[in-house]
Amino acid sequence: MIKADIVNRVAELSNIPRIKAVQAVDTILGSMKAALGAGKRIELRGFGVFQVRDRKKGVGRNPKTGVEVAITPGRTVRFKPGKDLKNL
């Protein structure tokens, strides 16, 4: 499923014009991006939790050539599915 599919589904189920559905989906995704960018946790009951975590530095290896590659420390977003989603 891609963003366009979500927009079409929102428009269909809510009986609103597609343009309004695009605005709604963009607003939700924009708010989620802003919250994650600020390091906040997003919890959607029955779906799961999005959380920003620190990634430690390390050494990786190119599987094709075997050359070692330095992995820089940074931040990454992790998703933990909720109970209802796991049961599907």
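Evaluated against (1) over 30 Å from PRO73 (Cα atoms); (2) under 12 Å from the mean Cα position of the chain (by Cα), VAL49 falls short on exactly one condition, (1). Taking region 22-51 as the range and being without any contact (Cβ under 8 Å) to a residue 24 or more places away in the chain and of a type in the set (S, T, N, Q) as the test, the residues that pass are GLN23, THR27, SER31. Within region 40-47, one or more residues are among the charged types (D, E, K, R) and modelled with pLDDT under 95. When the residues of region 47-65 are filtered to those that are exposed (fewer than 10 other Cβ atoms within 10 Å of the Cβ) and β-branched (Val, Ile, Thr), the one that is nearest to PRO81 (Cα to Cα) is VAL59. From the list LEU29, LEU88, the one residue that fits, being at pLDDT 95 or above and among the hydrophobic types (A, V, I, L, M, F, W, C), is LEU29. Of the residues making up region 1-21, those that are without any contact (Cβ under 8 Å) to a residue 12 or more places away in the chain and among the β-branched types (Val, Ile, Thr) are ILE2, ILE16, ILE19. Annotation note: Cβ proximity below 9 Å between a residue of region 52-73 that is within 30 Å of ALA35 (Cα to Cα) and a residue that is basic (Lys, Arg) and exposed (fewer than 10 other Cβ atoms within 10 Å of the Cβ) (sequence gap 6+ or interchain) occurs for ALA70/LYS57; ILE71/LYS56; ILE71/LYS57; THR72/LYS57; PRO73/LYS56; PRO73/LYS57.
The values are calculated or read from the model by the stated rules, or taken from the named source; none is laboratory data. Everything numeric in this text was worked out from a predicted model, so none of it was measured. Here Cβ is always computed from backbone atoms with ideal geometry, including for glycine, and neighbour counts include all displayed protein chains.
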